Amino acid sequence: MLSRGLNAEVITDTNYGRKSEDCRSCHSSIYESWNKSHHALAHRAVDLRDDSQAFEKLHDILIEGVHYHSKITEGTVSITENRLSGTPYTYLAAFVMGTSPLRQYIIPTGNGRYQANELAYDPHKKEWFNVFGSEHRLPGEWGQWQGRGMNWNSMCAQCHLTDFSKNYNPLTDSYSSHWTEHGVGCIQCHGDLDKDHAKKKSTNKGDQTSLIAKRKIEIETCAPCHARNEALTGEPRAGMKYSDHFRLTLPTEASTFYPDGQMKDEDFNWTSFQTSRMGGKASVSCLDCHDPHSNKTLLSASNNALCLQCHVANNLRNAPVIDPVSHSHHIAGSTGNLCINCHMPTTTYMQRDPRHDHGFLRPDPLLTKELGIPNACNKCHSEKSVDWQIAATNTWYGVKMDSRQRSRARAINAAQKGIDHSEDALLKLIVTEDIPAWRATLILLTRPWAVEPSVRSIVTALLKDEDPLVRSAAVQVLGTQGDLLDTLTPYLKDESRLVRVDTEWALSSHLEDTSKERKELNAYLAVSSDQPAGQVRIAEDLFNRGHIAESEVPLRKAILWDSNAAEAHHTLGLVLDNLNRQAEAAESLWRAADLDSRNAVFALQAGLEFAGSSKVKEAEKALKEAVLRDPGLDRAWYNLGLLLNQDRSTHEALDALAHAEQAAPGIADYPYAVATILWQQGDHISAKLAAKRALSIDPNHRGARSLINEH
């Protein structure tokens, strides 16, 4: 029996900094409130006083096809899992992450590495379950509990411990992580104050500017752990600016958020809150609704009191006055009369954890019909058709339903699908958008059209936006253009690290090795170097700087860590192509296309590489797969036509080229290719007609002109 991990050292908290217990004597009531909170109980060591019942239930149990057996020996819990295929694996349970509605157990696996088990315990139902449900993640996969996607040091600990430092060693691929205490303690939010801090006078004089600054610090203290984000540094501390330490994940990807901004994947709350009018425009704070110590809401949401603290007559925020009955068209006390049921619908994550969306969006059944976006009406009235819901909301709210939320969702959906001229709608929205997170999202979605003068003009102006999210988005879009060195260089000195890092990335090849900009960029790249995506980013930076051969090493490491990472295989294919290793490049690109089954461009690139390495059948298969995935991909049709003609499949070749012409009627090479094939077949009249089509597009097309003049 494999017992890897049983002898791994279980590291407890270190004596580093002050602990919450040190604050108790002066702040006893706050301490007691915090001590029972989800923050305080976010993490702890396994303790049989609390965990014995759970492990007794795990004594001999089958969950989602895996047999588990637990054993308690002298206060230590070991778990043996036996999958249908594979050797039984025994490991220790060291820590408990979370308290309610589920508890996840953390497993030491050696070299300072800890993993979050897919097995979790529901303390309310008193039963074990798999956090992935029936989704089977196999050993060796990135997202399986022993993979890097479930690595505690990298993915979990930062938000469940106080004063955590990952301390990854890339040379040994090991960790020496340390922290001050289990759970989210006082210093995580307030900083490691010295013992005389109570005697010091506050510098906050109460003026409006300082109050706004204080509120921003308060909510940005919550943001790191209540957001889906990318870390820019390894050790954020209380009171530091969010944009100096994190990149917020915005609603740009269809797999992550719905086009209207509703949470789709496990996105937590900060993005939604920042895209809402309350969080993104009206300066509503987390602390306006939540007690920071008990984590409970300040007022009840079950009678609308929480929301009505602002939405009443003569409120200080100038918020719209809402009467729940007349606004909701549902009687008092009913499910549909509750603000949160309509504007904060829940999605259940990890099988047992329902979370409220903090975007405060209006339910819009029409977007459900058009784009498949869920709406709160359907959750209660599931027996009714979406057309019934559309009619009801139109009757109640009329033209108010045709809102910015709707036009924004349509524009984002079109951009994500790459629909022609969808940048026009994005640009119209950008110039009037008053919520920074949405402004940044819309800017990022213009990236495919970054060469267009209209896009460059508007995005360049937004480099001076007061919000770092927006400046960052503008730098990312303009950074794809090689002729904007002078435009972007000033932003190497931006006050926000987020903007600086994005500028450093865009101008990487221009940075001196010993410059502070290069050092800052390298430090950023090191933060995620223990993850496959981080290694891909390191490889891309090496490639951009001309170190092409060196970039292969981190890509191979990324693939070793996650063999199913399409982006790593794709980037490796591009590197191998630049190293003139076309056959290997083709295999890597085809592997990327196979893993990303909806990506037509990957299949096209693989087809071109196969053709370049004289693998005609493989090239034909890849190109046909590309046009199957995207019938509008003109370059794939064009190259397929040329390839089929070489293979003497003339009729199929002409059909493919006809598709290319139809998909992109403004490209002269397509009808010219038709002309050359028809001429070879002896159909000179049709060939000249095709050549004339090419000349009508490009009067200077030499090939078409030559075909007509010489024959």
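The values are calculated or read from the model by the stated rules, or taken from the named source; none is laboratory data. Everything quoted here is computed from the prediction, not taken from an experiment. Methodologically, a virtual Cβ is constructed for each residue, glycine included, from the backbone with ideal geometry; neighbour enumeration extends over all protein chains shown.
Let's see how each residue does on (1) farther than 20 Å from residue 371 by Cβ; (2) of a type outside the set (Asp, Glu); (3) part of a loop (DSSP other than H, G, I, E, B):
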| position | (1), (2), (3) |
| --- | --- |
| 230 | yes, no, no |
| 234 | yes, yes, yes |
| 239 | yes, yes, yes |
| 243 | yes, yes, no |
| 255 | no, yes, yes |
| 260 | no, no, yes |
| 265 | no, no, yes |
| 272 | no, yes, no |
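Please work out if residue 517 is in contact (Cβ under 8 Å) with a residue 12 or more places away in the chain, in a helix (DSSP H, G or I), acidic (Asp, Glu) and crowded, with 22+ Cβ neighbours inside 10 Å.
Against the criterion (in contact (Cβ under 8 Å) with a residue 12 or more places away in the chain, in a helix (DSSP H, G or I), acidic (Asp, Glu) and crowded, with 22+ Cβ neighbours inside 10 Å), residue 517 does not qualify.
Conditions tested, residue by residue: (1) outside any loop (DSSP other than H, G, I, E, B); (2) of a type in the set (Asp, Glu); (3) over 23 Å from residue 680 (Cβ atoms).
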residue	(1), (2), (3)
606	yes, no, yes
620	yes, yes, no
632	no, no, yes
657	yes, no, no
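Return the residue satisfying two criteria in turn: it lies in the stretch 354-404 and is assigned to a loop (DSSP other than H, G, I, E, B) and of a type in the set (Lys, Arg), and of such residues it is surrounded by the most Cβ atoms within 10 Å (Cβ to Cβ).
Once the filter is applied, the top-ranked residue is 362.
With (1) on the phi < 0 side of the Ramachandran plot; (2) touching a Lys or Arg at 6+ places or on another chain (Cβ under 7 Å); (3) surrounded by 17 or more Cβ atoms within 10 Å (Cβ to Cβ) as the list, and residue 268 as the residue in question, which single condition is left unmet?
The failed condition is (1).
Among the residues of the stretch 656-686, which ones are more than 24 Å from residue 630 (Cβ to Cβ) and hydroxyl-bearing (Ser, Thr, Tyr)?
Residues satisfying the conditions are 676, 686.
State which residue is surrounded by the fewest Cβ atoms within 10 Å (Cβ to Cβ) when the search covers only the stretch 336-353 and only residues that are assigned to a loop (DSSP other than H, G, I, E, B) and touching a residue at least 24 places away in the same chain (Cβ under 8 Å).
My answer is 351.
Filtering the stretch 163-177 down to residues that are touching a Ser or Thr at 6+ places or on another chain (Cβ under 6 Å) and at pLDDT 95 or above, which residue is nearest to residue 228 (Cα to Cα)?
Only one residue fits best here, namely 166.
Applying the selection to the stretch 682-711, what residues are outside any helix (DSSP H, G or I) and in contact with a helix residue (DSSP H, G or I) (Cβ under 7 Å, 6 or more places away or on another chain)?
Across the stretch 682-711, the qualifying residues are 701, 711.
Any residue at all in the stretch 679-693 that's under 30 Å from residue 418 (Cβ atoms), more than 38 Å from the chain's Cα centre (by Cα) and free of Cβ contacts under 8 Å to residues at least 40 places away in the same chain?
Yes: the stretch 679-693 contains one or more residues that are under 30 Å from residue 418 (Cβ atoms), more than 38 Å from the chain's Cα centre (by Cα) and free of Cβ contacts under 8 Å to residues at least 40 places away in the same chain.
I'd like the full set of residues that are at pLDDT 95 or above, over 18 Å from residue 584 (Cβ atoms) and small (Gly, Ala, Ser), limited to the stretch 598-641.
600, 626, 636, 641
Please report, ordered by residue number, the helices (runs of 4 or more DSSP H) entirely within the stretch 435-506 with at least 3 residues that are crowded, with 24+ Cβ neighbours inside 10 Å and either on the phi < 0 side of the Ramachandran plot or touching an Asp or Glu at 6+ places or on another chain (Cβ under 9 Å) (or both).
436-444, 468-478, 497-506
Check residue 677 against each of (1) part of a helix (DSSP H, G or I); (2) in the same structural domain as residue 587 (by TED's automatic domain parsing) and name the one condition it does not meet.
So residue 677 meets the others, but not (2).
Kindly provide the set of residues from the stretch 141-194 that are over 20 Å from residue 559 (Cβ atoms) and among the charged types (D, E, K, R), ordered by number.
Of everything in the stretch 141-194, those that are over 20 Å from residue 559 (Cβ atoms) and among the charged types (D, E, K, R) turn out to be 163, 166, 181, 192, 194.
What are the residue pairs meeting all of these: first residue in the stretch 492-505, first residue touching a residue at least 60 places away in the same chain (Cβ under 8 Å) and over 16 Å from residue 537 (Cβ atoms), second residue in a helix (DSSP H, G or I) and aliphatic (A, V, I, L, M), Cβ atoms under 7 Å, and 6 or more apart or on different chains?
499/475
For residue 133, only one of the following conditions fails: (1) at positive phi; (2) in a strand (DSSP E or B). What is its number?
(2)
Just checking, how many residues over the stretch 277-315 are on the phi < 0 side of the Ramachandran plot and not in a helix (DSSP H, G or I)?
Counting residues in the stretch 277-315 that are on the phi < 0 side of the Ramachandran plot and not in a helix (DSSP H, G or I) gives 24.
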